[in-house]
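Novice: One structure, pasted below without further comment.
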Amino acid sequence: MRLVLYCVAVLLFVQCSKADLAVSMTDVNINSWYETATIERINEDTESLYDLNIVLHVNNNFHSEDIEFEVVMTSPDAIRHTERIALSCDSSWEGITAHSNDIEIPYRRDVRLSTEGRYTFSLRPLKPLEGVEAAGIHFQKQ
């Protein structure tokens, strides 16, 4: 029995060490988020397509449904792309006792990170948001 448990533990360790980190997040000002949140991703896969979703870790002070962001993406070869976007999100809560929740908002589809190296995404709300504890991007491989 111990041998089986040991083998399972080793397999889990090996699998976790090879897993691609799909969500990159950073903490933001919980009282009023208005500053730029910087998300970095090291890219080694230049062939795959990704769906990018903005992820907000929020508490019960968050009540926004429509959010405008400025998103700046800088590629490893210093190409910079800036855009302003308006996104709708569902801020409803399931369960009375919930104190925090993750909200995932679709942002871009069929994105190819065509250069190896460090991509930097800067995410900034155009109006201050209350109740956001962390912000990030989910890189969902297709």
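Novice: Work out the length of the dipole vector of region 36-120 about its Cα centre, built from +1 on the beta-carbon of each Lys and Arg and -1 on the beta-carbon of each Asp and Glu, and round it to the nearest 20 debye.
Specialist: 220 debye
Novice: Just the ratio, please: alpha-carbon radius of gyration of region 22-141 over 2.2 N^0.38 Å, N its number of residues.
Specialist: Dividing the Cα Rg of region 22-141 by 2.2 N^0.38 Å gives 1.07.
Novice: With contacts defined as alpha carbon pairs under 8 Å and 6 or more residues apart, what's the relative contact order of region 22-141 in percent? Present the calculation step by step, with values, prior to reporting the outcome.
Specialist: Working: 307 pairs, mean separation 61.9, N = 120.
RCO, region 22-141: 52 percent.
Novice: What ranking do Ser114, Ser92, Ser64, Ser122 get, fewest neighbouring Cβ atoms within 10 angstrom at the top?
Specialist: In increasing order of surrounding Cβ atoms, one gets Ser92, Ser114, Ser122, Ser64.
Novice: Given labels modelled 7 Å from the Cα in the Cβ direction, how far is it in nm from Ala22 to Asn59?
Specialist: 2.8 nm
Novice: Stretch His99-Ser75 to full length: gain in nm at 0.36 nm per residue minus the Cα-Cα span?
Specialist: 5.0 nm
Novice: What length, rounded to one decimal in nm, is gained on full extension from Arg84 through to Gln140, with 0.36 nm per residue of separation minus their alpha-carbon distance?
Specialist: Working: separation 56, 0.36 × 56 = 20.16 nm, distance 2.17 nm.
Computed gain between Arg84 and Gln140 is 18.0 nm.
Novice: Once the piece of chain linking Tyr34 and Ser114 is laid out straight, how much longer is it, given 0.36 nm per residue of separation minus the C-alpha distance between them? Please report the intermediate quantities before stating the final value.
Specialist: Working: separation 80, 0.36 × 80 = 28.80 nm, distance 3.04 nm.
So the extension gain works out to 25.8 nm.
Novice: Further question on the same structure: Just order 50-61, 69-80 by mean Cβ neighbour count inside 10 Å, highest at the front, would you?
Specialist: On the way: 50-61: 18.9, 69-80: 14.3.
Packing order, densest peptide first, comes out as 50-61, 69-80.
None of the figures in this text is laboratory data; all of them are computed from the coordinates on show. In this text, all values refer to a predicted model and were calculated from it rather than measured experimentally. Note: ideal-geometry Cβ built from the backbone for every residue, glycine included; neighbour counts use all protein chains shown.
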